[in-house]
Amino acid sequence: MSDTSRAHALALDARDPLAPLRKRFRLPEGVVYLDGNSLGALPDDVPGALDDVVLRQWGVDLIRSWNDNDWWNAPTRVGAAIAPLIGAAEGQVVCGDSTSVQLFNALVAAVRLRPGRSVILTDPDTFPTDGYLADSVARLCGARVRRVPAGEAAAVLGGAEGADVAVAAYNHVDYRTGELRDLAGITRAAHDAGALALWDVCHTAGAVPIDADAHDLDFVVGCTYKYLSGGPGSPAFLYVARRLHDVFDPALTGWHGHQEPFAMEPGYRPADGIARARIGSPPILGMLALESAIGVFRETGMAAIRAKSLALTDLFIACVDELGLEVATPREHARRGSQVAVRHDEAHPIMAALIERGVIGDVRPPDILRFGFNALYVSYSDVVDAAAALGDVLASGSHRDPRFAVRATVT
Ligand SMILES: *Cc1c(COP(=O)(O)O)cnc(C)c1O
């Protein structure tokens, strides 16, 4: 049996090698923040960095900042800072635009790289934007979407249909249950079938090692406002394997991806390397806030982050078991991301009551309470405190108060 006492949690905190990094984030007093899988907490370095970007770089240096403060290279420079976090050697990651835009761009490129193949293979439970975009790309490219659960993808790729698959596009983690998918296995099966593999790592970037190069991934798309704490709407990133750079033909051939953007030529000539994946003017404020936010990752490594994340979710699962609730997240470490999903018919009012008590998570339909654990700033005592609050809400029935029946626009 795991020890779920607060005294034990405090002892774990005392010997946690990542505990000092908590001070690098601004967390309000009295809040247990378990929603870093939707919006990471504010890194302490970001306000000062933004102040400099806005007041000096924009306010004083003005247009000269594209050269003098190197705004021009921000997409590849910030991409290079993200690269080690996803196991990518230099020159394969670009930062910019939203996850949705990058997914669209990469999916079209993948389908174009496999002419004659007509299937985009994806999960029926994929994150909504991923599924919507796959459908649109299929319409645009004359392909069709085949929805196969991640657990069956390798078998379908290995069967007769595999020869018609252009790209297998999967989420590394199921955003509802927190289940970690078999990234290596599905990628291998896609390659054996002659298809490409595109991974959406929104729920693992900064929380789980990805090893993009080691697993021979083709395309990786991820957002940066979740575990990377880049801030609301911070730009996404795209990894394109080096072996594809010369043949990569994205949908969005914007002028920043041109060989010579300031030659202002009438025709598109793609840039070499990952710069070809640039589109248009990057959101400099958000991108430089992100650059400052991920500085904290230089002080630790993905292995240490993963080890603590698993220990935090182990402890939370043990606490939830004691409350007699149903855990939807797999118990095997190899199948678990960095969140714990708890099923309950009254998920929404329960979460609303928890948030009022300062324990912040979120809900996903139909019945999932989601608790995300960012190892950089969540402590073991946070875990037991959150579980105690959950137990109190359920025991007292306080979530049945009518004020918790009201739903906000964003859940
Ligand atoms: C958060 C998330 C997105 C978000 O896409 P945006 O374009 O940033 O809104 C997409 N896919 C997955 C799997 C996500 O978790």
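Quick one: which residue in Asp345, Asp367 is charged (D, E, K, R), open to solvent by 10 Å² or more (accessible area, probe 1.4 Å), closer than 28 Å to Ala205 by Cβ and not assigned by TED's automatic domain parsing to the domain that holds Thr204?
Exactly one of Asp345, Asp367 is charged (D, E, K, R), open to solvent by 10 Å² or more (accessible area, probe 1.4 Å), closer than 28 Å to Ala205 by Cβ and not assigned by TED's automatic domain parsing to the domain that holds Thr204, namely Asp367.
Considering only residues that are more than 16 Å from the ligand (Cβ to nearest atom) and of a type in the set (Asp, Glu), look in segment 69-121 and name the one that is most open to solvent (accessible area, probe 1.4 Å).
Top of the filtered list is Glu90.
Which one is most open to solvent (accessible area, probe 1.4 Å), of the residues in segment 276-295 that are among the aliphatic types (A, V, I, L, M) and more than 14 Å from Ala205 (Cα to Cα)?
Only one residue fits best here, namely Leu285.
Would you point out the residue of segment 134-164, among those that are acidic (Asp, Glu) and within 29 Å of Arg364 (Cα to Cα), that is nearest to the ligand (Cβ to nearest atom)?
Only one residue tops the list, namely Asp135.
Can you pull out the residues in segment 356-411 that are over 20 Å from Ser338 (Cα atoms) and either of a type in the set (Lys, Arg) or under 25 Å from the mean Cα position of the chain (by Cα) (or both)?
Arg357, Gly358, Pro366, Arg400, Arg403, Arg407, Ala408, Thr409, Val410
On the basis of being part of a helix (DSSP H, G or I), farther than 18 Å from Gly337 by Cβ and either open to solvent by 10 Å² or more (accessible area, probe 1.4 Å) or free of Cβ contacts under 8 Å to residues at least 60 places away in the same chain (or both), does Ala353 make the cut?
yes
For segment 33-51, state whether one or more residues are crowded, with 16+ Cβ neighbours inside 10 Å, of a type in the set (A, V, I, L, M, F, W, C) and touching a Gly at 6+ places or on another chain (Cβ under 6 Å).
Checked against the condition, which is being crowded, with 16+ Cβ neighbours inside 10 Å, of a type in the set (A, V, I, L, M, F, W, C) and touching a Gly at 6+ places or on another chain (Cβ under 6 Å), segment 33-51 yields at least one hit.
Take segment 122-133 and flag every residue that is near the ligand (Cβ under 9 Å from one of its atoms), touching a residue at least 40 places away in the same chain (Cβ under 8 Å) and either farther than 19 Å from Arg147 by Cβ or not β-branched (Val, Ile, Thr) (or both).
Of everything in segment 122-133, those that are near the ligand (Cβ under 9 Å from one of its atoms), touching a residue at least 40 places away in the same chain (Cβ under 8 Å) and either farther than 19 Å from Arg147 by Cβ or not β-branched (Val, Ile, Thr) (or both) turn out to be Phe127, Asp130.
With the requirement that a residue be among the β-branched types (Val, Ile, Thr) and either in a loop (DSSP other than H, G, I, E, B) or within 16 Å of the ligand (Cβ to nearest atom) (or both), what does segment 21-68 give you?
Val31, Val60
Restricting the search to segment 174-206, which residues are more than 16 Å from the ligand (Cβ to nearest atom), of a type outside the set (A, V, I, L, M) and touching a strand residue (DSSP E or B) at 6+ places or on another chain (Cβ under 6 Å)?
If the condition is that a residue be more than 16 Å from the ligand (Cβ to nearest atom), of a type outside the set (A, V, I, L, M) and touching a strand residue (DSSP E or B) at 6+ places or on another chain (Cβ under 6 Å), then Thr187 is the only one that fits.
So which residues in segment 147-162 are buried (at least 19 other Cβ atoms within 10 Å of the Cβ) and either over 19 Å from Ala110 (Cβ atoms) or within 25 Å of the chain's Cα centre (by Cα) (or both), if there are any at all?
Answer for segment 147-162, where residues must be buried (at least 19 other Cβ atoms within 10 Å of the Cβ) and either over 19 Å from Ala110 (Cβ atoms) or within 25 Å of the chain's Cα centre (by Cα) (or both): Val148, Ala150, Ala153, Ala154.
Failed condition for Ile360, given (1) over 18 Å from Ser398 (Cα atoms); (2) open to solvent by 10 Å² or more (accessible area, probe 1.4 Å); (3) touching a Phe, Trp or Tyr at 6+ places or on another chain (Cβ under 9 Å), with all others met?
(1)
May I ask you to list pairs of residues, at least six apart or on different chains, whose Cβ atoms are under 6 Å apart, with the first in segment 385-411 being of a type outside the set (Val, Ile, Thr) and the second being open to solvent by less than 20 Å² (accessible area, probe 1.4 Å) and part of a helix (DSSP H, G or I)?
Ala387/Cys319; Ala389/Leu354; Ser398/Ala353; His399/Ile350; His399/Ala353; His399/Val393; Phe404/Ala353
Of all residues in segment 213-236, how many are within 11 Å of the ligand (Cβ to nearest atom) and outside any loop (DSSP other than H, G, I, E, B)?
Within segment 213-236, residues that are within 11 Å of the ligand (Cβ to nearest atom) and outside any loop (DSSP other than H, G, I, E, B) number 2.
The values are calculated or read from the model by the stated rules, or taken from the named source; none is laboratory data. Model, not experiment: these values are computed from the prediction. FYI the Cβ positions are ideal-geometry reconstructions off the backbone, even for glycines, and counts take in every protein chain you see. Heads up: the accessible areas ignore ligands, DNA and RNA and are worked out on the full protein's heavy atoms, side chains in. Shrake-Rupley method; radii C 1.70, N 1.55, O 1.52, S 1.80 Å.
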